[in-house]
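A.B. asks: This is the structure, below, for whatever I ask next.
The values are calculated or read from the model by the stated rules, or taken from the named source; none is laboratory data. Since the model is a prediction, treat every value here as computed from it, not as a measurement. Cβ atoms come from the backbone with ideal geometry, glycine included; neighbour counts cover every protein chain shown. Accessible surface areas use protein heavy atoms only, side chains included; no ligands, DNA or RNA. Shrake-Rupley method; radii C 1.70, N 1.55, O 1.52, S 1.80 Å.
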Amino acid sequence: MSGRGITSRARRGHTASAIWALAGASLLAAGAAEAQNAGDITVTGKRDEVSSPKYTAPLLDTPQTVTVVDKKLIEEQNLLGLRDVLSTLPGITFGAGEGGGGFGDSINLRGFTASNDITVDGVRDSAQYTRSDPFNLEQIEIVNGANSVYGGAGSVGGSINLATKRPMARDGAVAAAGIGTDNYQRLTLDLNKTVGEGAAFRLNLMGHRNDVPGRDVEENKRWGVAPSLTLGMNGPTQITLLYAHQEDDNTPQYGVPFALNAFNAGPLPGVDPSDYFGYSNIDKQDSTIDSFTAIVEHRFNDALSVRNLTRWQKATQYLIVDAPQGTFCLASGINPYTGAACTPRNSFVPSGNPRGNVRDTANDILINQSDFTAHFNTGALAHTLVTGLSFSNETYALDGANLLRTPQGQTFILPTTTLSNPNPVYTGQQNFKPLSTTDSEVKNRAFYAFDRIEIGKYWELNGGVRFERNEGRAVTTATAYATSGAATTTINPPAENADDLFSYRAGVVFKPSESTSLYFAYGNAVTPSQSTVNGGCTATSTTGTANCNLDPEEARSYELGGKWSTMDGGLLLTAALFRNERTNFRVNSGDPTIPQQQLDGSSKVDGVALGASGLITDHWSVFANYTYLDSEIEQSISTIAVSGGALDFQKGDPLPNTPKHSASFWTTYELPHRLMIGYGATYTGAYTFNRASATAALFYTPDYWVHRAMISYGIRRSAVLQLNINNLFDEHYYTRIRNNATSGWATPGEARNAVLSVSYRF
């Protein structure tokens with residue numbers, strides 16, 4: 001579906017705060033003083049296209065569920081970061097963001113992971129980092145269903161594309177400033193300037209900081225700059241150069257101890273959602289993103305055009321974490337994970353990885369993609385054909401270490417703290433000890449073709465194929481320390497994986513009228529053992545986990561749906577029935593004599609998606625979605641294990657992190673006197689996680705609602721004052737849950753917070 005887009009705590013001092021506040025006050029005064037002409041607030045209409053040229057039809061005629069969140073919708077709700085935007089959409093949940101790929105965005109879409117299915121302007125962006133700010137985004141596009149044919153080596157849940165801002169053929173600028181609860185301070189500038197004939201320059205700037213609402217320690221600080229230049233806007237050849245740089249200085253958010261088992265269901269008793277279980281004087285998440293893109297487009301005539309995109313991007317992250325992992329004892333003297341008696345009561349003994357872990361990572365990608373678009377007829381058939389070539393090379397380097405070691409490199413018992421009031425300051429010894437390295441590379445070469453065939457007035461065929469060669473290689477080392485302090489480094493054999501992949505998608509569209517479409521679509525997803533550069537496949541194993549020589553996983557999606565453009569094209573209504581199924585995902589062999597995993601796992605999700613987006617009247621807009629997901633694990637262990645008498649106790653369970661019901665809506669209404677009000681809510685239903693044993697029961701997270709409200713006032717025509725309140729009723733809920741048999745955690749949702757901002761157009 002297409003769409004338009006309180007309590008502050010005393011924290012460590014920031015001398016910049018006064019400057020930010022002064023700048024915001026000055027901008028507000030300027031907006032009030034300089035705006036001369038009265039005018040109404042207008043509601044921006046919906047976008048009807050996805051930015052990638054691989055989509056050969058407008059959204060109304062695309063046989064797939066596509067949700068477009070544009071910058072207007074993002075600004076109205078004051079959404080910051082990719083997770084904030086996606087959290088307002090149904091069918092999407094988030095993982096704990098830790099593990100082999102590193103700390104960052106961990107996304108589940110329609111029951112399946114989509115963390116490696118993120119693209120920027122239609123090309124891969126598979127590094128795992130936190131995409132924290134939308135200051136340079138035009139819109140975010142969520143395409144549901146099998147997506148390998150579009151981005152390569154993908155999954156069955158769907159893909160997420162971030163469309164960046166480009167220069168426009170008009171002059172204009174928008175400056176905005178915001179202040180709010182929890183030390184919220186923000187400044188942005190979006191400046192577009194035409195230069196001579198057929199050229200335009202655009203500059204986006206951002207500076208931001210805030211404490212995380214409802215938390216005692218976590219804070220986010222960042223700044224970014226994104227200049228872009230387009231030449232030849234009025235001619236057949238157009239060249240666009242884009243650069244983006246962003247630096248973040250954040251506190252990694254792991255949250256509080258959390259368990260779903262027979263002895264506890266939720267956050268541990270006695271734990272306050274604001275408590276910090278890491279070490280505030282050690283933990284950090286510093287990241288830097290640099291991206292340069294060159295796009296050359298040439299139109300030979302009305303029937304033939306070509307576009308070439310080249311991008312180099314580097315994402316670095318220096319991360320030190322102290323997750324809430326260790327041994328817990330409740331005030332009642334019970335271990336919340338085992339149910340056994342424990343001492344001392346009301347205690348937390350930090351221990352084990354990832355406590356004190358250091359991850360210094362760098363992701364580089366160089367990609368070149370060419371798209372050829374042709375419009376032609378073959379007899380009575382009208383074609384829109386897109387063919388393309390893509391070449392990408394991704395590298396990943398990780399230096400792993402630990403700070404909480406003795407001078408000889410040994411682990412030690414960390415200080416015990418109270419469970420109900422943990423001490424977030426560490427005063428013990430720190431010794432930086434390297435532990436591991438990873439150097440990996442993934443090369444992908446692809447050819448693809450997409451065709452939209454219009455058959456008379458009522459029928460269309462829409463499909464695509466992709467052939468690709470995916471090659472991955474990773475070399476890892478591990479360092480161990482003797483009691484004397486002597487270090488021994490082991491270089492593991494290279495882990496290599498290479499596969500030829502074939503992806504496809506086909507759909508048929510029936511158009512009973514110009515404003516209506518009915519469709520059926522079918523597609524596949526193919527996932528090799530090394531589909532992402534963040535790590536590698538497992539080359540050798542004594543426990544049945546090797547997978548470098550395993551065939552790719554496969555998945556399929558089916559979708560039957562309809563779209564209706566009504567209200568003179570202002571409102572788009574969508575409905576779809578779908579099935580996503582993984583037919584052969586990897587599972588351990590279950591036999592110590594068989595080192596390689598087996599492709600015996602299977603699961604499915606049957607679902608319903610409903611949506612409405614656009615204008616109900618000239619003054620009333622709506623953006624609403626509902627998703628129903630009925631998921632099932634059909635087999636979770638190998639056939640070898642089953643034949644040996646093993647019990648597949650997860651068979652029949654729902655997929656983890658997959659709520660059956662979820663919904664969201666956002667609506668705005670334009671009132672007289674340049675006033676606009678907005679209100680929205682997001683509902684996330686209960687969901688569960690994989691059972692750890694045959695005797696373990698399924699425990700579900702509580703469902704929850706989060707409400708948002710907005711009111712804006714037009715100060716003449718050029719300035720708008722806007723107040724946003726998020727989590728209006730201060731709902732207590734948890735996201736990004738890591739349910740573990742001995743030590744789990746979850747991130748509390750943000751507490752109620754408010755932001756007052758002003759934007760000035762000139």
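A.B. asks: Look at region 425-451 and say how many of its residues are over 30 Å from residue 494 (Cα atoms) and open to solvent by less than 30 Å² (accessible area, probe 1.4 Å).
C.D. replies: The number of residues fulfilling the criteria is 4.
A.B. asks: Moving on to the next point. Of all residues in region 304-330, how many are under 29 Å from residue 269 (Cβ atoms) and open to solvent by 40 Å² or more (accessible area, probe 1.4 Å)?
C.D. replies: 1
A.B. asks: Can you find a residue that is assigned to a helix (DSSP H, G or I) and surrounded by 22 or more Cβ atoms within 10 Å (Cβ to Cβ) anywhere in region 150-170?
C.D. replies: yes
A.B. asks: For region 465-495, name all the residues that are more than 15 Å from residue 531 (Cα to Cα) and of a type in the set (Lys, Arg).
C.D. replies: Selection gives 466 alone.
A.B. asks: Only residues that are part of a loop (DSSP other than H, G, I, E, B), on the phi < 0 side of the Ramachandran plot and out of contact with any Leu (no Cβ under 9 Å at 6 or more places or on another chain): list them for region 537-571, please. Step through it out loud before you land on a result.
C.D. replies: Pass one, region 537-571, residues part of a loop (DSSP other than H, G, I, E, B): 537-545, 547-552, 567-570.
Filter again for on the phi < 0 side of the Ramachandran plot, leaving 537-543, 545, 547-552, 570.
Hits for region 537-571 are 538, 539, 540, 541, 542, 543, 545, 547, 548, 549.
A.B. asks: Turning to a different aspect of this structure: So, in region 438-465, exactly how many residues are within 26 Å of the chain's Cα centre (by Cα) and over 25 Å from residue 518 (Cα atoms)?
C.D. replies: 10
A.B. asks: Determine which single condition residue 517 fails, assuming it passes every other condition in (1) part of a strand (DSSP E or B); (2) over 22 Å from residue 580 (Cβ atoms); (3) of a type outside the set (A, V, I, L, M).
C.D. replies: Failing condition for residue 517: (2).
A.B. asks: Of the residues that make up region 378-397, is at least one over 30 Å from residue 258 (Cα atoms), at pLDDT below 95 and over 31 Å from the mean Cα position of the chain (by Cα)?
C.D. replies: Yes, some residue in region 378-397 is over 30 Å from residue 258 (Cα atoms), at pLDDT below 95 and over 31 Å from the mean Cα position of the chain (by Cα).
A.B. asks: Then there's this: Consider region 582-609. How many of its residues are over 29 Å from the mean Cα position of the chain (by Cα) and part of a loop (DSSP other than H, G, I, E, B)?
C.D. replies: Number of matching residues: 7.
A.B. asks: Go through the residues of region 118-127 one by one and say whether even a single one is surrounded by 22 or more Cβ atoms within 10 Å (Cβ to Cβ), at pLDDT below 85 and out of contact with any Phe, Trp or Tyr (no Cβ under 6 Å at 6 or more places or on another chain).
C.D. replies: yes
A.B. asks: Do the conditions hold for residue 292, that is, is it of a type in the set (Phe, Trp, Tyr) and under 23 Å from the mean Cα position of the chain (by Cα)?
C.D. replies: So residue 292 passes the test.
A.B. asks: OK, next. Within the bounds of region 282-289, is there any residue that is closer than 22 Å to residue 313 by Cα, of a type in the set (Val, Ile, Thr) and within 26 Å of the chain's Cα centre (by Cα)?
C.D. replies: yes
A.B. asks: Taking region 650-690 as the search range and keeping residues that are in a loop (DSSP other than H, G, I, E, B) and surrounded by fewer than 17 Cβ atoms within 10 Å (Cβ to Cβ), which one is modelled with the lowest pLDDT? If you could, list the steps in order and put the result at the bottom.
C.D. replies: Of region 650-690, the ones in a loop (DSSP other than H, G, I, E, B) are 650-660, 672-674, 685-690.
From what's left, surrounded by fewer than 17 Cβ atoms within 10 Å (Cβ to Cβ): 651-652, 660, 672-673, 686, 690.
Details: 651: 95, 652: 95, 660: 97, 672: 94, 673: 91, 686: 96, 690: 87.
Ranking the qualifying residues of region 650-690, first place goes to 690.
A.B. asks: Take residue 225 and tell me if it is more than 21 Å from residue 76 (Cβ to Cβ), open to solvent by less than 30 Å² (accessible area, probe 1.4 Å) and of a type outside the set (Gly, Ala, Ser). Steps first, please.
C.D. replies: Values: more than 21 Å from residue 76 (Cβ to Cβ): yes; open to solvent by less than 30 Å² (accessible area, probe 1.4 Å): no; of a type outside the set (Gly, Ala, Ser): yes.
For residue 225, the condition - more than 21 Å from residue 76 (Cβ to Cβ), open to solvent by less than 30 Å² (accessible area, probe 1.4 Å) and of a type outside the set (Gly, Ala, Ser) - is not met.
A.B. asks: Taking the residues in region 692-729 that are among the charged types (D, E, K, R), in contact with a strand residue (DSSP E or B) (Cβ under 9 Å, 6 or more places away or on another chain) and over 13 Å from residue 677 (Cβ atoms) as candidates, determine which candidate is least open to solvent (accessible area, probe 1.4 Å).
C.D. replies: 703
A.B. asks: Scan region 344-357 residue by residue and report those that are open to solvent by less than 30 Å² (accessible area, probe 1.4 Å), over 23 Å from the mean Cα position of the chain (by Cα) and not small (Gly, Ala, Ser).
C.D. replies: 348, 350, 355
A.B. asks: Sticking with this structure for a sec: Before we move on, is residue 542 farther than 17 Å from residue 143 by Cα, at pLDDT below 95 and out of contact with any strand residue (DSSP E or B) (no Cβ under 9 Å at 6 or more places or on another chain)? Before you say what the answer is, go through the steps one by one.
C.D. replies: Values: farther than 17 Å from residue 143 by Cα: yes; at pLDDT below 95: yes; out of contact with any strand residue (DSSP E or B) (no Cβ under 9 Å at 6 or more places or on another chain): yes.
For residue 542, the condition - farther than 17 Å from residue 143 by Cα, at pLDDT below 95 and out of contact with any strand residue (DSSP E or B) (no Cβ under 9 Å at 6 or more places or on another chain) - is met.
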